[in-house]
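Derivation of every value follows stated rules applied to the coordinates shown; laboratory data play no part. In this text the structure is predicted, and so the values were computed from the model without any measurement. Here the Cβ positions follow ideal geometry from the backbone for every residue, glycine too, while neighbour counts run over all protein chains shown.
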Amino acid sequence: MNAGTQAYEKGIRTTIEKSEHKTEEARDHPLTHLRTCSRATQCLRPKCPTPNARRSTNPNNQHTCTLPDHCSVITNRIKLTVTSTATTSKTTPDEAQALLAAQRIRRPVSPHLSAYDFKQTWFATSVWTRITGGGMTAALYLFSISYLAAPLTGWHLESATLASAAASLPVAAKGALKVAMTWPFVFHLMNACRHLVWDLGKGYKKPIIHAGNIAVWAGSFVSAAGIAYFF
C-alpha cells in the first residue's frame, strides 16, 4: 500500500470521526431535547378533524383522531395512569335540602355585625332620638285609648286611683318609675336642641360631635335623676 492510499484512508476515518462527534453534540444539545419534547407534545394531541369537516364527512358525528407518523415510537413508551379519589353517593331531595340548610347555617352574616362600630350602632344619639320619640308617642296613644275605654271595660284609670297606686310603691320602685318616665322626654328634648344647632350649619366637626354625644347622654341621665328626686 503506497503513501497516497494510506493518506486517503486516514482522511476518510477523520471525516467519519468528526461526523460522529457532531452527532453526539447535537444529541446532547438542549434544543434537541426541546424539539423532542415538542414532538412528544404533538403526539399527546392527536390530529382530529374540525367540527365542520366532521359534519360534512360523517352525519353521525363519529370521527377518529390520527397521530403523526413519528409518534408511534413515542406513544408506545408513554404510559399514563390516572387515579381518581373522588367518590359519589346518591341523595334524596330531602337529604339534599338538609345538606344545603346545614351549609347555610355555617355561612357568615353579610355584612357581619362585628363589622359595625358598637358605639355607633347602640349608642348613636340620632337613633335614640327616634326611639324615645316613638316610645313616648306610643305610650301617649295607649294611655289615652285605655282612659277613654275605662268606663266601658271597668278599668280604674282615674287620677285618684293612679295616685294611690303610685303612693303604695316602695321608694326605690317610685324612683325607678320616675326616671323611666322622665329620661325619654329629657333625652329627646336635649338632642332635638342639638339638631336645631346642626340646622344652622354649626357643630359638624368630629370632636364637637363626639363631645355632643357624651353631653347628651350624661346630661339626660343626670337631669332625669334630678327631676325624679325633686319631684
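Side notes on the structure shown:
- Extension gain, Ser89-Ser114: 0.36 nm per intervening residue step, less the Cα-Cα distance, totals 5.2 nm.
- Peptides 151-162, 220-231, ordered by how many other C-beta atoms sit within 10 Å of their residues on average, highest first, read 220-231, 151-162.
- Neighbour net charge for Val186 - beta-carbon separation under 14 angstrom, K R +1, D E -1: +2
- Label-to-label distance, nm, for residues given as Ala180 and Ser144 (7 Å Cα→Cβ offset): 2.3 nm
- Sorted on the mean count of surrounding Cβ atoms within 10 Å across their residues, most packed first, peptides 164-175, 83-94 read 164-175, 83-94.
- Approximate spin-label separation Arg104-Val171, in nm, with each point projected 7 Å along Cα-to-Cβ: 5.7 nm
- Non-local Lys pairs in region 118-230, i.e. 8 or more apart or on different chains, that have alpha carbons under 29 Å apart: 4
- Cα→Cβ-extended label distance, 7 Å offset, between Leu200 and Ala225, nm: 3.0 nm
- Stokes-Einstein diffusion of region 118-230 at 4 °C, 1.567 mPa s viscosity, Kirkwood radius from Cα pairs, rounded to a whole number: 79 µm²/s.
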